[in-house]
Amino acid sequence: MELACWQTAGTSGEPGEPGDPAVVEANLAALDAAAAEAAAGGADLLVTPEMVLTGYAVGREAVHRLAGLPLAERVAEVARRHRLAVVAGLPELDGGACWNTALAVGADGEVLARHRKAHLFGELDRGTFAPGGRLVTTFDLPGAGGVRVALLVCYDVEFPEAVRAAALAGAHLVAVPTAQMEPFAWVAEELVRVRAWENQLYVAYVDRVGAEGDLVYVGRSSVVDPSGAVLASARDGEALLRATVDPRRVAAAQRANPYLADRRTDLY
């Protein structure tokens, strides 16, 4: 499977103020351009940062207002137009609650999966979102060589149980839309590699750049292979990363480094 990861600052308060639908339109236009570039390069799947359509640290009122727009439908339009599967970070309203969601849509625009962020980060998340009820969400990507993708959102990947659950569910790739900020660059640089190594799978960690309010995003998006090697990475600017996900490498790595097989499930 050919993977593309879009590191971007996005638009939050401009044009207009946070909560202005023009913000969503600007981000959708940028997503469409990124999808066109990814598809032209042969990508099967494009992964975006957390809350890429609305901005992340823009306040509860703005997020809830924009979550009422048909965001999933608009992402599906982009996917269909470019015949490209997309994992996009966006807010969702459902049953009176607002969720921080990683939405996966196929190249035909059909929803494949949605993962609602389970681990909420401080008051920034808890004051805006409800916690998701699933540790990890997986889906099989049609027409991509049998690749199974697991979805997590940002802080979720910092809990080893979540990535281990993805590995036990047969995932080859963990896709992580994130909005990682200073002073936590070490998470992007070190912890993501550990998560890939200890589970022998691919991890795509896709961050924002720039600043929103008091937050300065660290960027440092990467795709890491099952040996912990970095296949593609960016620093602090806009970037479209590319990498190949090969399920055979996952199988070989899990044979060579049998952490999953050697677990003492009688003890833990």
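Being closer than 25 Å to M1 by Cα and small (G, A, S) is true for just one of G127, G143. Which residue is that? If you could, list the steps in order and put the result at the bottom.
Values: G127 fails: closer than 25 Å to M1 by Cα.
Within the list G127, G143, the selection yields G143.
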Does region 220-236 hold any residues that are touching a residue at least 40 places away in the same chain (Cβ under 8 Å) and in contact with a Gly (Cβ under 7 Å, 6 or more places away or on another chain), and which are they? A234
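Quick one: count up the residues across region 58-77 that are surrounded by fewer than 20 Cβ atoms within 10 Å (Cβ to Cβ), outside any helix (DSSP H, G or I) and in contact with a strand residue (DSSP E or B) (Cβ under 7 Å, 6 or more places away or on another chain). Working first, answer last.
First, the residues of region 58-77 that are surrounded by fewer than 20 Cβ atoms within 10 Å (Cβ to Cβ): 59-61, 64-65, 68-70, 72-74, 77.
When the remaining residues are screened for being outside any helix (DSSP H, G or I), the result is 59, 68-70.
Within this subset, residues satisfying the condition of being in contact with a strand residue (DSSP E or B) (Cβ under 7 Å, 6 or more places away or on another chain) are 68.
Number of matching residues: 1.
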T128, sole failed condition from (1) under 21 Å from C98 (Cβ atoms); (2) in a helix (DSSP H, G or I): (2)
I want to confirm something. Restricting to region 143-159 and keeping residues that are surrounded by 18 or more Cβ atoms within 10 Å (Cβ to Cβ) and closer than 20 Å to W186 by Cβ, which single residue is farthest from the chain's Cα centre (by Cα)? E158
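Mind telling me which of the residues T137, T128 ends up being touching a strand residue (DSSP E or B) at 6+ places or on another chain (Cβ under 9 Å), of a type in the set (S, T, N, Q), buried (at least 20 other Cβ atoms within 10 Å of the Cβ) and without any contact (Cβ under 8 Å) to a residue 40 or more places away in the chain?
Details: T128 fails: without any contact (Cβ under 8 Å) to a residue 40 or more places away in the chain.
So the residue among T137, T128 that is touching a strand residue (DSSP E or B) at 6+ places or on another chain (Cβ under 9 Å), of a type in the set (S, T, N, Q), buried (at least 20 other Cβ atoms within 10 Å of the Cβ) and without any contact (Cβ under 8 Å) to a residue 40 or more places away in the chain is T137.
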I need the full set of residues from region 78-117 which are of a type in the set (D, E) and either part of a loop (DSSP other than H, G, I, E, B) or at pLDDT below 95 (or both), in order please. D94, D108, E110
Out of (1) under 17 Å from the mean Cα position of the chain (by Cα); (2) assigned to a loop (DSSP other than H, G, I, E, B), the one A162 does not meet is (2)
Within the set of pairs 6 or more residues apart or between chains, which connect a residue that is farther than 13 Å from V24 by Cβ inside region 61-87 to a residue that is among the β-branched types (V, I, T) and in a loop (DSSP other than H, G, I, E, B) with Cβ atoms less than 7 Å apart? V87/T48
From R208, R248, R242, which residue is without any contact (Cβ under 8 Å) to a residue 40 or more places away in the chain and basic (K, R)? R248
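Take the conditions β-branched (V, I, T) and more than 30 Å from D225 (Cβ to Cβ) and apply them to V24. Does it pass?
Details: β-branched (V, I, T): yes; more than 30 Å from D225 (Cβ to Cβ): yes.
Yes; evaluated as a whole, the condition is true for this residue.
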In this structure, does A232 turn out to be out of contact with any Cys (no Cβ under 6 Å at 6 or more places or on another chain) and surrounded by fewer than 16 Cβ atoms within 10 Å (Cβ to Cβ)? no
Does A179 qualify as being touching a residue at least 24 places away in the same chain (Cβ under 8 Å), more than 22 Å from L90 (Cβ to Cβ) and not charged (D, E, K, R)? no
What's the number of the condition V216 fails, among (1) more than 19 Å from Y56 (Cα to Cα); (2) without any contact (Cβ under 8 Å) to a residue 40 or more places away in the chain; (3) surrounded by fewer than 18 Cβ atoms within 10 Å (Cβ to Cβ)? (1)
Given the condition within 27 Å of V23 (Cβ to Cβ) and without any contact (Cβ under 8 Å) to a residue 40 or more places away in the chain, answer yes or no: does some residue in region 157-166 qualify? no
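Do the conditions hold for A88, that is, is it buried (at least 24 other Cβ atoms within 10 Å of the Cβ), under 29 Å from R242 (Cα atoms) and out of contact with any helix residue (DSSP H, G or I) (no Cβ under 6 Å at 6 or more places or on another chain)?
Values: buried (at least 24 other Cβ atoms within 10 Å of the Cβ): yes; under 29 Å from R242 (Cα atoms): yes; out of contact with any helix residue (DSSP H, G or I) (no Cβ under 6 Å at 6 or more places or on another chain): no.
Spelling it out, it is not the case that A88 is buried (at least 24 other Cβ atoms within 10 Å of the Cβ), under 29 Å from R242 (Cα atoms) and out of contact with any helix residue (DSSP H, G or I) (no Cβ under 6 Å at 6 or more places or on another chain).
The values are calculated or read from the model by the stated rules, or taken from the named source; none is laboratory data. Treat the numbers as computed from the prediction; the structure is a model and nothing was measured. Reconstructed Cβ throughout: ideal geometry from the backbone, glycine too, with neighbour counts over all protein chains shown.
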